[in-house]
Amino acid sequence: MLTEYLRLHLPGKRDFVLSLRRAMRAVLPFFILSLILLAISLSFGLAGGIDEYFSFNPELPFLLLVYESLDQVQVYFFHHELPFLLLVYAALFYLMRPETWRAVIAAVPIIVLYLGMDLYYVFMHSIFKLDDLLLLPEGLIVSPIWARIGVVAGIFLWIAAFLVSLRRRPRELALPLMLLLLAAAPPIAAYTAPKHFLEIAGSRGLNVVPWSDRWTSACMGRATSLLLFAATKHKAMAELAMQTPIDDPDRNPEILRATLQDARNIHILVLESFLDPERFTGLKFRTPTAPPEFKAMRAKMHVATSPVFGGGTAQAEFELLCGVPALELYTSAEFNMLDGAKAPCLPSVLAEVGYRTVATQSYKPDFFNSEKAYRSLGFQETNFPTAFAGSRPTYLQYDDTEHYIFDGDLLTQNLAYVKKLMTGGRPFLNYVLGVYGHLPHDTDQKRFPPKVDVVGVGKNSQTYLAIQQFYYRAEAVADYLKKLREIDPDSLIVITSDHLPPLDG
C-alpha cells in the first residue's frame, strides 16, 4: 500500500527529467550572460589596460579569486556586481512574454554597458561616467553619418523589440515590476541620497579607488563604479553648495599682468618619495648618501609639510599648483573632482598672462585622473610616456610598461624639450612629475649597483632600496639643475618631493 502511495504521489523519472530541463532553461540565460560579462571584462579590459585581475586580493568585492589544487587554478566570480546585474536582467526578462528572443533583448542593455565602457576606455583613454552621457549629442554631431544612423537605429530597434515582447496582462507584470523597482533602488539612492549610499557601499567594501578610476572600474565592476562615481560627485556638490563663495582677488590675472615686470621661465619638479636618507638618525652611513655634486643642493634644502604620507601624489600636486589645502572634503582626491573645466590655479593664471604651460607626467594618463585634472588646472600641453600616451602627442620616449622611468632618463629628455621651448619666444611653465621611487623600490642592479654602505637596516628592505635609489636620483637631479641653470640662468626653479614613502626596516 505504501509502495502504491509513493508511486502515485512522488514524481516519476520522466517528471523529474522534465522539471530538471525547465530549471536548466530558466537558469541558462542568466548563466550565459554571466559568462559573456566575464569574457568582456577580461578581453576588452585587458585590451584597454584594465588588467589588474591577476593581482587582486581575494577579499576585493568585484572579483573573488578561488585557488584550487597546487596549480593555483584561478576561478573568478562576480561578488557584488553580478547579483545587481542579474536582478536588472531578471526584471527585463520577465517583463516580456516567454519567447525565444526575450533572453537576447533583455541582455542587450547590460552587454552594451560593458562593451561601451571598455571601448570608451580603449578609444577615449578615460573611464566612462554617467555625466559623459551629456556629451552624447555633441559626439553624434561630429560622428560620421553611419555612426549616427547606427546609434539611433539601435536604440529604436531595441525599444521596439522590447515593447512588442512586453507582457499585456497586468497581473503578469506585478513580479517583474517589483524586480525592476528593486534594481532601480541603488541608482535612485546614488542620486537622491548619495551620502547614505556611499556609507552603505563603504560598509560592504565598495569604494572609489582614490588614485585611479581604472582600478575602481576593474575592482568594483562597471555598473557599480558608475554609481560610486555619481554618488561621490553629488555628495561633493551638495556639500559644496553649502559653502559661501569666496572671491580671491590675488588670483585675478589682470593684477598679475599689471605687476609682472619680468616674465621669467618657471620650472617645477615634483619627485615621487624623494627622501633625504640623512634624516634617518637611527641609521649609520659609512659612505655618502649622495654624490658630491648634490652637496650644494642639500645646503639649500628646506622641509615642507605634505598633505599625505605614503601615497596620494595628487594631493601634493593640488596644493603645490593651486595654493589651497587638499583636505579631501568632497572626494578622496581633489584631482578626481576635476573634469577639465577651468580652475583658477597657477598654470591657468600664468596662461592668462601669456605663459605657455607645459606638464610632463611620467606615468599613465588616468593616474589620479591627471589628464583631466591638468587641463582644469590650466596646462595647455601634457606629455605622457609613449608607453601610455597612445595617440596623444608627446616628447617623452619610454616604452617600458612594467617599470617607472628613471629620473635621469626623464630629466634628460625634459632638458632637451626645455631647449625647444626656449626658442618659442614666450615665457613658459615647465612642470614635471617623476614617479620613479614609487613603492616597491625595484632597482636595476646592473645599471644601479648599491652605492651607500648603511648599517641598521636589512639589505632586502624597502628602506635600503630607497636609500640606494636616492644616490642615483640625487645625482640625476644635480646634473639636471646644473644644465638647466646653464641654458636658463634667470629662471625660477622649484624641486620638491610629493610625500614620504611607507618604509619598512
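Overview of results
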item	result
Count of region 485-505 residues which are touching a residue at least 60 places away in the same chain (Cβ under 8 Å) and over 33 Å from the mean Cα position of the chain (by Cα)	4
Check on L130, exposed (fewer than 14 other Cβ atoms within 10 Å of the Cβ) and either more than 24 Å from I40 (Cα to Cα) or modelled with pLDDT of 80 or more (or both)	no
Candidate set from region 368-379 (those that are in a loop (DSSP other than H, G, I, E, B) and among the hydrophobic types (A, V, I, L, M, F, W, C)); member that is modelled with the lowest pLDDT	F368
Test: residue in region 216-226 that is more than 24 Å from A316 (Cα to Cα), in a helix (DSSP H, G or I) and free of Cβ contacts under 8 Å to residues at least 60 places away in the same chain	no
Residue in region 289-298 that is of a type outside the set (S, T, Y), within 30 Å of G378 (Cβ to Cβ) and either touching a Ser or Thr at 6+ places or on another chain (Cβ under 6 Å) or not in a strand (DSSP E or B) (or both) present	yes
Of all residues making up region 148-171, the number that are surrounded by 14 or more Cβ atoms within 10 Å (Cβ to Cβ) and not aliphatic (A, V, I, L, M)	5
Filter result for the condition that a residue is part of a loop (DSSP other than H, G, I, E, B), buried (at least 20 other Cβ atoms within 10 Å of the Cβ) and not aromatic (F, W, Y), over A326, A341	A326
Filtered residue count, region 432-469, keeping only those that are of a type in the set (A, V, I, L, M, F, W, C), surrounded by fewer than 18 Cβ atoms within 10 Å (Cβ to Cβ) and more than 34 Å from the chain's Cα centre (by Cα)	1
Qualifying residue in region 208-218 (condition: closer than 27 Å to I105 by Cα and either out of contact with any helix residue (DSSP H, G or I) (no Cβ under 7 Å at 6 or more places or on another chain) or surrounded by 12 or more Cβ atoms within 10 Å (Cβ to Cβ) (or both))	yes
Test: residue in region 346-367 that is touching a helix residue (DSSP H, G or I) at 6+ places or on another chain (Cβ under 8 Å), at pLDDT below 85 and in a loop (DSSP other than H, G, I, E, B)	yes
Filtered residues of region 183-200 (kept if closer than 16 Å to L85 by Cβ and surrounded by 14 or more Cβ atoms within 10 Å (Cβ to Cβ))	A183, P186, P187, A190
Residues of region 238-277 satisfying the condition of being touching a residue at least 12 places away in the same chain (Cβ under 8 Å) and over 22 Å from T357 (Cβ atoms)	A238, E239, L240, S273, F274, L275, D276, P277
Filter result for S391 (assigned by TED's automatic domain parsing to the domain that holds R447 and buried (at least 22 other Cβ atoms within 10 Å of the Cβ))	no
Residue check, L65 modelled with pLDDT under 60 and outside any helix (DSSP H, G or I)	yes
Which listed residue, of A416, A476, is assigned by TED's automatic domain parsing to the domain that holds P292, out of contact with any Ser or Thr (no Cβ under 9 Å at 6 or more places or on another chain) and modelled with pLDDT of 95 or more	A416
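Yes/no per residue for (1) at pLDDT below 85; (2) of a type in the set (F, W, Y); (3) surrounded by fewer than 21 Cβ atoms within 10 Å (Cβ to Cβ):
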{"site": "G221", "(1), (2), (3)": "yes, no, no"}
{"site": "D250", "(1), (2), (3)": "yes, no, yes"}
{"site": "L256", "(1), (2), (3)": "yes, no, yes"}
{"site": "T259", "(1), (2), (3)": "yes, no, yes"}
{"site": "T281", "(1), (2), (3)": "no, no, yes"}
{"site": "T287", "(1), (2), (3)": "no, no, yes"}
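The rows are residues; the columns are (1) in a helix (DSSP H, G or I); (2) within 22 Å of Y363 (Cα to Cα).
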| site | (1), (2) |
| --- | --- |
| R392 | no, yes |
| H403 | no, yes |
| L411 | yes, yes |
| V418 | yes, yes |
| G458 | no, no |
| Y464 | yes, no |
| F470 | yes, yes |
| K483 | yes, no |
| H499 | no, yes |
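The values are calculated or read from the model by the stated rules, or taken from the named source; none is laboratory data. Keep in mind that what you see is a predicted model, and the values were worked out from it rather than measured. FYI the Cβ positions are ideal-geometry reconstructions off the backbone, even for glycines, and counts take in every protein chain you see.
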